[in-house]
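**Student:** Can you keep this structure in mind? I'll have questions shortly.
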Amino acid sequence: MFENRYCPICKAEVTLRYHVEDKYFRLEKGKIVRDDAHQRGFWDTPELLFECSNDREHEIPNYPKWEDPVREGFYKGAYYDR
């Protein structure tokens with residue numbers, strides 16, 4: 001079981017957001033193609049974010065002893081694919 005964490009600013013619960021970056025496309029010779037300028041870089045790398053459930057702008061301190069097991073459980077449980 002994982003312990004809940006709370007925002008140090010407003011005391012709202014810290015939640016997880018799996019953010020998948022936008023993918024860019026363009027029209028080329030009448031076809032839709034992936035914009036190569038935005039491929040295979042950090043644009044395609046999804047990330048797991050720890051955010052305040054009340055306000056994403058609130059800065060959440062890094063808690064490695066808490067985040068690492070949560071991150072591991074998230075990926076092992078394949079929650080990104082649900």
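The values are calculated or read from the model by the stated rules, or taken from the named source; none is laboratory data. Because the structure is a prediction, the values reported are computed rather than measured. So basically every Cβ, Gly included, is an ideal-geometry build from the backbone, and we count neighbours across all protein chains shown.
**Student:** Of the conditions (1) surrounded by 10 or more Cβ atoms within 10 Å (Cβ to Cβ); (2) at pLDDT 90 or above, TYR24 fails just one. Which one is it?
**Tutor:** (2)
**Student:** For residues that are at pLDDT 90 or above and loosely packed, with under 10 Cβ neighbours inside 10 Å, scanning just the stretch 27-58, find the one that is nearest to MET1 (Cα to Cα). Outline the logic, then answer.
**Tutor:** The first filter runs over the stretch 27-58 and keeps only residues at pLDDT 90 or above, leaving 27-32, 48-58.
Narrowing further to those that are loosely packed, with under 10 Cβ neighbours inside 10 Å: 27, 29-32, 57.
Details: LEU27: 48, LYS29: 54, GLY30: 53, LYS31: 49, ILE32: 46, GLU57: 27 Å.
Per the stated criteria, the residue is GLU57.
**Student:** Of all residues in the stretch 11-25, how many are in contact (Cβ under 8 Å) with a residue 24 or more places away in the chain, over 16 Å from ARG82 (Cα atoms) and part of a strand (DSSP E or B)? Please lay out each step first, then the result.
**Tutor:** Here is the first cut: in the stretch 11-25, the residues in contact (Cβ under 8 Å) with a residue 24 or more places away in the chain are 12-21.
The next check asks that each one be over 16 Å from ARG82 (Cα atoms); those that pass are 12-15, 21.
Narrowing the set further to residues that are part of a strand (DSSP E or B) leaves 13-15.
Selection size over the stretch 11-25: 3.
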